[in-house]
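What follows is a single structure, written as structure tokens, with notes after it.
The values are calculated or read from the model by the stated rules, or taken from the named source; none is laboratory data. Given the structure is predicted, the values throughout are model-derived calculations rather than measurements. Counting neighbours? That spans all protein chains shown, and the Cβs are built from the backbone with ideal geometry, glycine included. The accessibility values were calculated without ligands, DNA or RNA, using every heavy atom of the protein model including side chains. Shrake-Rupley method; radii C 1.70, N 1.55, O 1.52, S 1.80 Å.
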Amino acid sequence: MAVGFLGSNGEIEKGKNFAKVDLLNRPLEVSYFVNNLCNLNCKHCYVGYSNPNDDLSIQEWKNTFDELIDLGALTFGNVGREPLLAWEKTSGLLKYFQDKKAKNPKLRYGLVTNATLFNEEKIKRLNELNPDYLDISIDGTEQIHDFIRGKGNYQRAYKNLQEIKETAPNLLNKIFISYTLMQPNKNTLKETIQEMNQLGINNFLISPYVKTIHDEGNLGLDNSEIADIYENIKIGNTVDFSKTKNLEILLKSDYDTQKDLMDLLVKRKIINVDNLLIDEYGVIFNKEEKENNSKIILNFIPIPETLTRAIRISHDGYVGGCEEMFHENYPELTVGNIKEKSITEILGNKNP
């Protein structure tokens with residue numbers, strides 16, 4: 001899967017032509033918060049609910065994932081808040097998915113991290129656990145990244161990326177640089193891609209910032225600005241593909257939080273709905289081939305995904321979508337808690 005709620009979810013599979021297809025009304029994509037803790041205080045963090053306690057146990061997570069796999073879920077992502085702050089649980093669940101994938105090779109699993117807390121031991125263990133993708137948040141060149149995420153955090157992340165390159169180079173192909181596009185960094189994308197590419201990283205996920213009630217300052221971009229940036233990337237004005245090889249740039253939009261943007265991208269034919277592909281994970285997309293085996297992917301989501309194709313589970317067991325987690329009263333906005341009912345019961349009650 002790619003450019004879904006979880007992040008990159010790894011490389012898009014080879015697609016077939018999209019026409020009228022069964023959009024698979026089941027939870028294909030599951031993101032989970034292994035904790036509600038983070039070592040950073042990023043300006044654009046959307047997580048609004050504040051309870052740091054009542055974490056689900058590893059066994060509670062495994063029981064829930066067993067049911068979701070039986071329901072047909074294929075992609076699982078640990079989205080935080082910062083998974084490396086709960087390393088024992090994070091690595092234990094990655095091992096669980098590794099074992100499950102041995103029986104069902106279609107399963108995919110990974111995590112999203114700010115990369116500041118890696119060390120050699122964690123990197124080696126992560127390499128053994130063989131995730132399908134590793135989304136690492138880099139939001140610009142050093143000065144801009146540190147403005148957004150805190151002083152010194154670019155160098156911490158960069159040093160650990162170098163350590164990954166030296167200790168577990170196989171992981172480099174699984175890394176996606178997750179770049180949240182907003183006002184402070186809208187002009188540093190080209191330099192950021194160059195800096196990361198010099199480390200041997202070829203994959204990039206561009207996600208427009210979604211304005212929330214927690215917005216610190218004027219971070220958001222107008223839809224027209226985002227569309228302009230996407231168009232310039234697509235036609236090759238932002239990245240010199242003649243000087244790079246094997247780049248994959250995923251340009252994200254979604255129905256549930258950015259439908260107006262997605263509609264504008266269609267209207268301006270940046271997304272071409274007459275030339276859509278769909279892969280076996282239900283991802284609908286355009287693919288633009290560029291020089292030197294590089295490509296640009298734009299996803300397209302024609303229907304609401306929350307609770308039909310994608311779900312999110314908080315660290316304390318509440319089931320909902322992404323947007324609900326913008327709010328402190330998140331439990332009131334969700335559809336149930338797996339401490340009280342099984343995930344099968346919760347989702348069964350929400351079938352259209």
* Under 5 Å between amide H atoms, partner at least 5 residues away or on a different chain: which partners does Phe176 have, H built in plane at 1.01 Å? -> Leu134, Asp135, Ile136
* To do: Distance check, please: which entries in Lys43/Lys245; Lys174/Lys245; Lys186/Lys245; Lys89/Lys186 exceed 27 angstrom between their Cα atoms?
  => Lys43/Lys245; Lys89/Lys186
* **Bins of 10 Å, starting at 0 and running to the largest distance - Cα pair percent for the range 90-168** => 18, 43, 28, 10, 1
* Enumerate the residues in the range 244-283 having an amide nitrogen under 14 Å from the point lying 7 Å beyond the Cα of Lys190 toward its Cβ. => 244
* Built amide H within the under 5 Å cut-off of Arg108, gap 5+ -> Thr75, Phe76
* Please give the length that would be gained between Ser242 and Glu280 if that part of the chain were fully extended, namely 0.36 nm times their separation in residues minus their C-alpha to C-alpha distance (nm, one decimal). => 10.6 nm
* **Using θ = phi - 60° and Karplus 6.51 cos²θ - 1.76 cosθ + 1.60, couplings along the range 84-100 (whole Hz; Gly, Pro as x)** => 6, 6, 10, 5, 4, 6, 4, 5, x, 6, 4, 5, 4, 5, 4, 5, 5
* Asked: So in the range 207-352, what percent of DSSP beta bridges are antiparallel if you round to the nearest 5?
  -> 65 percent
* Asked: What distance in nm separates the simple spin-label points at Glu60 and Lys106, each placed 7 Å from Cα in the Cβ direction?
  -> 3.0 nm
* Estimate the FRET efficiency between Glu345 and Glu163 by the formula 1/(1 + (r/R0)^6), using the beta-carbon distance for r and 41 Å for R0, to the nearest 0.05. => 0.40
* Structure fact -> Length gained if Asn41 through Lys124 is fully extended, taking 0.36 nm per residue and subtracting the Cα-Cα distance, is 27.1 nm
* Asked: Ignoring ligands, DNA and RNA, what percent of the accessible area of the chain is carbon or sulfur (1.4 Å)?
  -> 43 percent
* To do: In whole Hz, with x marking every Gly and Pro, tabulate ³J(HN,Hα) for the range 36-43 from phi via Karplus 6.51 cos²θ - 1.76 cosθ + 1.60, θ = phi - 60°.
  => 10, 10, 8, 8, 10, 9, 5, 4
* Structure fact -> Calc'd 3J(HN,Hα), the range 254-262, phi into Karplus 6.51 cos²θ - 1.76 cosθ + 1.60 (θ = phi - 60°), Hz, glycine/Pro = x, comes to 8, 6, 6, 10, 9, 4, 4, 5, 4
* What's the FRET efficiency of Asp70 with Glu225 using the Cβ-Cβ distance as r and R₀ = 41 Å, to the nearest 0.05? -> 0.40
* Only Lys, Arg, Asp and Glu count, each charged at its Cβ (+1, +1, -1, -1), so figure out the dipole size of the chain about its Cα centre, rounded to 20 debye. => 760 debye
* Quick one: of the DSSP bridges fully inside the chain, what percent are antiparallel, nearest 5? -> 25 percent
* To do: Springs between alpha-carbon atoms under 10 Å, Gaussian network over the chain: tell me which of Pro184, Pro208, Pro52 tops the mean-square fluctuations.
  => Pro52
* Per DSSP H run of at least 4 residues, take -39500 (n - 2.57); add these up for the chain, divide by its residues and hand me the 222 nm value, nearest 500 deg cm²/dmol. => -9500 deg cm²/dmol
* **Ranked packing of 78-91, 261-274, most packed first, by mean Cβ within 10 Å** => 78-91, 261-274
* Once label points are set 7 Å from the Cα along Cα→Cβ at both Asn232 and Asn329, what is their separation, rounded to one decimal in nm? -> 4.1 nm
* Exposure rank, largest accessible area first [Lys341, Lys243; 1.4 Å] -> Lys243, Lys341
* To do: Using a 1.4 angstrom probe, figure out how much accessible area the range 288-342 has per residue, in square angstrom, rounded to the nearest whole.
  => 40 Å²
